[in-house]
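Report on the following structure.
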Amino acid sequence: MENENLIEVNHLTKVFASRGVMSKGQIKAVDDVSFSMPQEKPTILTLAGESGSGKTTIARLILGFIKPTSGKILYQGRDIWKMTKDEWVRYRKEVQAVFQDPYGAFNPLHKVDRVLTIPIRKFKLANSEEEATDLISEALGVVGLKTDEVLGKYPHQLSGGQRQRIMLARAFLLKPKLIVADEPVSMIDASLRASILNVMLDLKSKFSISFLYITHDLSTARYVSDNIIVMYLGSIMEMGPVDKVLVKPLHPYVKLLIDSVPVPDPERRWKNRIELPRIEITSQSLQTRGCKFYPRCSQRMEKCSKERPDLANVEEDRWVACHLYQ
């Protein structure tokens, strides 16, 4: 079908067992999450939120590392957990990952060449050693590296930025349709982050590769994204075009996040201290009937404590889970 989504997540839920010293329970790391990414147009969709918001769990679910408790993940209309062996191999090739730690992805005992030659051999991308060399040279060039600068070296001999570019080159080798990038610049020097983000933008514009970008950094999200989903305790609070959501947020939680981002201008100093009620997040508090943000919300109403708001379409391509807009 021409209008199939590239990735479609339907009512995705993931529950983990919580085994504390004093009690046992369950934690909903992902709670009834739905969104999609179009196939006809490459896009960068950001999942943003604090630690514990569920964004990395969603990435692991989409990559097939863990199974959902309920809900579906569809790739080009096909449930990934109902794929045949051949379909699964194609999925693993066309949906690639780039992770947070650009050093942990390498074996320090092997030269960096190995992370590039293994996928070529595993997916039979080349018929000869010469063809494999050409593929590697092309992939490194696409991410702004020269072969003589990185090949033949061990991971510790390269910078964090170079290592992360190699991981992007590895993903590019397989000509993926989607790259799941989980905090790819958070462990890289601030001066080099823009260069990695620019590689992502180039891969989108020149090679039609879409990205699911996982981050807690709203400034990088604004720079690189087309659309954004802001999550809190496993649920979507707001989603829509990044310029709309981050410039004029609607949900009280998203407003709070934007207000907490410092502006690099000495003339625009914070005047008020942002304070939130201190709350203890427990398995019981995550399963309350009302809004999850209720204990910390400055605009809460009685209804918010009793009824969880649906994710409502408030304007074109703009969705908010808040009773203020329903």
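The values are calculated or read from the model by the stated rules, or taken from the named source; none is laboratory data. No experiment lies behind these values; they were computed from the predicted model shown. Glycine also receives a Cβ, built like all others from the backbone with ideal geometry; neighbour counts cover every protein chain displayed.
Can you find a residue that is free of Cβ contacts under 8 Å to residues at least 12 places away in the same chain, over 22 Å from Trp319 (Cα atoms), out of contact with any Ser or Thr (no Cβ under 7 Å at 6 or more places or on another chain) and not in a strand (DSSP E or B) anywhere in the stretch 60-77? Looking through the stretch 60-77, at least one residue is free of Cβ contacts under 8 Å to residues at least 12 places away in the same chain, over 22 Å from Trp319 (Cα atoms), out of contact with any Ser or Thr (no Cβ under 7 Å at 6 or more places or on another chain) and not in a strand (DSSP E or B). For beta carbons closer than 9 Å, sequence separation of 6+ or different chains, a first residue in the stretch 80-92 that is free of Cβ contacts under 8 Å to residues at least 60 places away in the same chain and over 23 Å from Arg121 (Cβ atoms) and a second that is of a type in the set (A, V, I, L, M) and not in a helix (DSSP H, G or I), the qualifying pairs are Ile80/Ile73; Ile80/Leu74; Ile80/Val95; Trp81/Ile73. Checking each residue in the stretch 82-127 for being within 26 Å of Ile44 (Cα to Cα) and charged (D, E, K, R) picks out Glu87, Arg90, Arg92, Lys93, Glu94, Asp101. Checking the stretch 21-30 against the condition returns a match, with at least one residue being closer than 26 Å to Lys244 by Cα, in a strand (DSSP E or B) and either modelled with pLDDT under 95 or touching a Lys or Arg at 6+ places or on another chain (Cβ under 8 Å) (or both).
If you go through the stretch 290-299 and keep only what is within 12 Å of Tyr253 (Cβ to Cβ) and either assigned to a helix (DSSP H, G or I) or out of contact with any Pro (no Cβ under 8 Å at 6 or more places or on another chain) (or both), you end up with Lys292, Tyr294, Pro295, Arg296.
Among the residues of the stretch 84-107, those that are assigned to a loop (DSSP other than H, G, I, E, B) and touching a strand residue (DSSP E or B) at 6+ places or on another chain (Cβ under 8 Å) comprise Phe99, Gln100. Of the residues making up the stretch 107-164, those that are farther than 25 Å from Ser186 by Cβ and of a type in the set (Ser, Thr, Tyr) are Thr117, Ser128, Thr133, Ser137, Thr147. Taking residues in the stretch 127-140 that are farther than 19 Å from Lys206 by Cα, and partners anywhere that are of a type in the set (A, V, I, L, M, F, W, C) and in a helix (DSSP H, G or I), the pairs with Cβ atoms closer than 9 Å and at least 6 places apart or on different chains are Glu131/Ile120; Ala132/Leu116; Ala132/Ile120.
One residue stands out in the stretch 1-15 among those that are part of a loop (DSSP other than H, G, I, E, B) and either of a type in the set (Asp, Glu) or at pLDDT 95 or above (or both): the one that is farthest from Ile66 (Cα to Cα), namely Glu2. For Ser225, the test of being surrounded by 22 or more Cβ atoms within 10 Å (Cβ to Cβ), of a type in the set (Gly, Ala, Ser) and within 29 Å of Arg92 (Cβ to Cβ) is passed.
Considering only residues in the stretch 236-252 that are within 21 Å of the chain's Cα centre (by Cα) and more than 10 Å from Val320 (Cβ to Cβ), the one that is surrounded by the fewest Cβ atoms within 10 Å (Cβ to Cβ) turns out to be Val247.
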